[in-house]
1. Among B:129, B:115, A:340, pick out the residue whose Cα is farthest towards the positive end of the charge dipole of the protein assembly as shown, where Lys and Arg carry +1 and Asp and Glu carry -1 on C-beta, about the Cα centre.
2. Please calculate the 1.4 Å probe accessible area of residue A:49, with all protein chains present, and give it to the nearest 10 Å².
3. Among A:136, A:379, A:390, whose Cα sits farthest toward the positive end of the charge dipole of the protein assembly as shown (+1 at Cβ of Lys/Arg, -1 at Cβ of Asp/Glu, about the Cα centre)?
4. Report the charge-dipole magnitude of the range A:47-196 in Debye, nearest 20, computed about the Cα centre from +1 at each Lys and Arg Cβ and -1 at each Asp and Glu Cβ.
5. Let me make sure I get this right: for the range A:150-307, a, b and c are the square roots of the gyration tensor eigenvalues over alpha carbons, sorted descending. Under 1.5 in a/c it's rounded, otherwise prolate if a/b > b/c, else oblate. Which is it?
6. Name the long-range amide H neighbours of residue A:439: under 5 Å, sequence gap of 5 or more, or other chain; modelled H, no Pro or chain starts.
7. For the Cα atoms of chain A, what angle does the longest principal axis make with the long axis of helix A:398-407, in degrees from 0 to 90, nearest 10?
8. Restricting to DSSP H runs of at least four residues, report the calculated mean residue ellipticity at 222 nm for the protein assembly as shown, -39500 (n - 2.57) per run over all residues, nearest 500 deg cm²/dmol.
Amino acid sequence: MNKERVKSIILALLIIFNLMLAEKILVDKKLWPSGYNFFNIRASHKSDYSIIGHLTLPEKIFVNTGYQSSRFEYLRNSEDFTKIYAAANIILQKAFSEPLKNAASVSSDSWYSALTAKSVYLSYPCRFSAQNFASLIGLTSTELSFSGFSDIVISENGNVYIKDDITNSFYRIDISSSEIGAIIGVVSDEYQNEESVINYSFDLNFDKDFGDQKTFLSPMIPIYSAPVAAEVMISQNPIMRDEEINQKTIGGILTAFSINPNTVRRYTEADGSLVFVENNGILKISPQGVLSFTASDTGIKLSGVVSQSTHSNISAIAEFIDKVNAATGIESDMCVISPLISDMEQSFTFDYIANGLPVKFDGQNAVTAKTENGYLAEYTQILRKYIHAGTTEQTPLYIEALDDVIADYQDSMSEISITKMQPAYLDDLSMDEKYPDWFIDIDNVIAQ
Amino acid sequence: MTKRIISMLLAVMMLFAIQCVSFAAYETSIPLTAQGSTTDLIYIKRPQSHSASTSDKTYTISAVGASGTNIRVYRYSESENICKLIKSAKQIGASGLYSTVVDLPDNNNTFIVYAENGGADQVVKIEISKVKKSTVDKLKNVTVNILNFLK
């Protein structure tokens, strides 16, 4: 066989392959078979826990398959969450770059229709103004002017729905994209034999006042038909090691707070708390793992503060938390809880996220921080590490948890409003196993 | 004549007995024609009109009622002409809320929600029909188009 003949055969084969691929694109457009799971492709990067990189992540994502109550929930610790969010983020960047006139005011019915149709629902742990959200996702500015939102729905064709909680209005920004539709298709194929019944409170009319009802659930509360299973986590205090204060960790914390260990005045309180007094302020670290700093003068200069904007302040605080976490070996994800709705927010709160679920302390947050003119004025952190216990437990049924909480008010109330109800780890600061349970946030109790 | 009267009395007694037997049998089944003694023990929140269409394999029924009310759910079996228990008694707690997920094996499914509290009982009939997903999508499109047209 001469060389020319071999070349001709290879050329012919290449042309045939070319035609086959062209046919796929022109006729079929689907370059992967139905059921192909692109979620199985391993992520190229290791998941990291930097707070700065997680400021605009939703707390959870629901994929609404279009069947009324067949929905799937994705938590922040899953790779699928990362992939769905990556697709959603591209659409959000486009939506927040649109001119104001493209944000059409729509009825609440449109919002609820989008949630019952094929869509993706992003549930955020805090409220954002349009400006703060846009700057945190990397845009320099936005013409959109939502006052405060924590819920976003993206329909299968890419339209973005936003519910403004402060003005109680709904908006739609038309973005054309097939990314979300493809994800919903993959999820539906993947789980076609699995039953996952999740209703929203509005589906069951638990948010509406008819039928002599005294308990009202906010419309977007997810109602799980079965108990939620999650791994048991063990809480650890990084300050203590073999029942002694870990001096290496203390040294790391001092460095994070720009305190020179050789010049700082220090003393120990009766309860064993270490107190460090410097010109900038007073730092106290308790053996229970609670760290608190109060500025006595200007405070500690925060790096990266370029203006008094919310974006600048929270970015600096997130970076500071990253420093403290690195010094104490904490590798937990964290999310912002406090609202980011004004242009110059200075006070922020954060909660830990362990195993994808929020960790709730009784009456306090994992981090409370306050800035003043680019300086750290106040800072409190409950230092905790959460490690997997290797066993799985179930929460009670949602209604049993709800009944238990409301039973405390039953005799004295005529109405009660629940704003948030979600599976979480409830941490009482003890160093033991934390089981998944229900966190229930009561907004309003009307006495009899 | 006496025999006839005795027969009639027996027949009447039989009828009452059947009623009593069927009431006792509410533990596992309930006749489709059963009537409750009251209508205000529970309020069905979903489906609000006591009938609905869905493309799902399941349906979530929700209700509100007074704390302490026991609720059971039955599904009508056409072949046996009786509603059989599918959800055993569940007591409404302090929240006053109730919800349960029922399977939809047939195109037309009839359920009886039976509530009892302090000697009073209530029977609510619920009809859930299954429609094809494509039909639901078409209906949604029609609704959206009409809404857009009206704007």
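1. Selected residue: B:129.
2. 100
3. Ranked along the dipole, the leading option is A:136.
4. Values: 10 positive and 18 negative charges, 82 e Å.
Result for the range A:47-196 is approximately 400 debye, rounded to the nearest 20.
5. On the way: a/c = 2.41, a/b = 2.11, b/c = 1.14.
Since a/c reaches 1.5 and a/b is larger than b/c, the shape of the range A:150-307 is classed as prolate.
6. Result for residue A:439 returns A:422, A:424.
7. 30
8. Computed ellipticity for the protein assembly as shown at 222 nm equals -8000 deg cm²/dmol.
The values are calculated or read from the model by the stated rules, or taken from the named source; none is laboratory data. Bear in mind the structure is a predicted one, so any value in this text is a computation, not a measurement. Ideal geometry is used to build each Cβ from the backbone, glycine not excepted, and the neighbour counts take in all protein chains shown. Only protein heavy atoms, including side chains, enter the accessible area calculation; ligands, DNA and RNA are left aside. Shrake-Rupley method; radii C 1.70, N 1.55, O 1.52, S 1.80 Å.
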